[in-house]
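A.B. asks: If you scroll down you'll find the structure; I have some questions about it.
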Amino acid sequence: MTLAELDAAVASRTPPPPTSPPLIRALWLDATGDWARAHTVAQDVHTSEGSWVHAYLHRKEGDLDNAAYWYRQAGRPAERGALDEEWRAIAAALTAE
């Protein structure tokens, strides 16, 4: 799935295809208002990218200590910018072709 396709899926509230990677589904769930399901999906992906999405979700939740732990697991500095900008950066990284 490309970034443009993910954007379109979010805008139309059409879920990504079932064959989409779990983290793409997690970002879609978050962007369409289902933080809890997004978190469930992200916490089951044991990669640096999964940790990054997990960190973002905890930061969005307001649990900054937990987010800091997951940023460390991802090997990334704790993000402090706008949440929508981080979502976009993650989406761009995950959809890079």
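A.B. asks: If we keep just the residues of segment 1-15 that are among the β-branched types (Val, Ile, Thr) and exposed (fewer than 15 other Cβ atoms within 10 Å of the Cβ), which is farthest from residue 95 (Cα to Cα)?
C.D. replies: 14
A.B. asks: Looking only at segment 73-96, filter to residues that are outside any helix (DSSP H, G or I) and out of contact with any Leu (no Cβ under 9 Å at 6 or more places or on another chain); which one of those is surrounded by the most Cβ atoms within 10 Å (Cβ to Cβ)?
C.D. replies: 79
A.B. asks: In segment 41-72, what residues are in contact (Cβ under 8 Å) with a residue 24 or more places away in the chain and among the β-branched types (Val, Ile, Thr)?
C.D. replies: Answer for segment 41-72, where residues must be in contact (Cβ under 8 Å) with a residue 24 or more places away in the chain and among the β-branched types (Val, Ile, Thr): just 53.
A.B. asks: How many residues, within segment 16-40, are surrounded by 14 or more Cβ atoms within 10 Å (Cβ to Cβ) and either touching a residue at least 40 places away in the same chain (Cβ under 8 Å) or in a loop (DSSP other than H, G, I, E, B) (or both)?
C.D. replies: Residues that pass the stated criteria total 10.
A.B. asks: Of all residues in segment 1-48, how many are of a type in the set (Val, Ile, Thr) and under 18 Å from residue 60 (Cβ atoms)?
C.D. replies: So the count comes out to 6.
A.B. asks: Ok, one more. What is the number of the single condition among (1) crowded, with 17+ Cβ neighbours inside 10 Å; (2) over 9 Å from the mean Cα position of the chain (by Cα); (3) at pLDDT 95 or above that residue 46 does not meet?
C.D. replies: Single failed check for residue 46: (1).
A.B. asks: Looking at 52, 70 in this structure, which one is within 10 Å of the chain's Cα centre (by Cα), assigned to a helix (DSSP H, G or I), at pLDDT 95 or above and not aliphatic (A, V, I, L, M)?
C.D. replies: From the options 52, 70, the qualifying one is 52.
The values are calculated or read from the model by the stated rules, or taken from the named source; none is laboratory data. The structure presented is a predicted model; accordingly, all values stated were derived computationally and were not measured. Note that we place each Cβ from the backbone using ideal geometry, even for glycine, and neighbour counts take in every protein chain shown.
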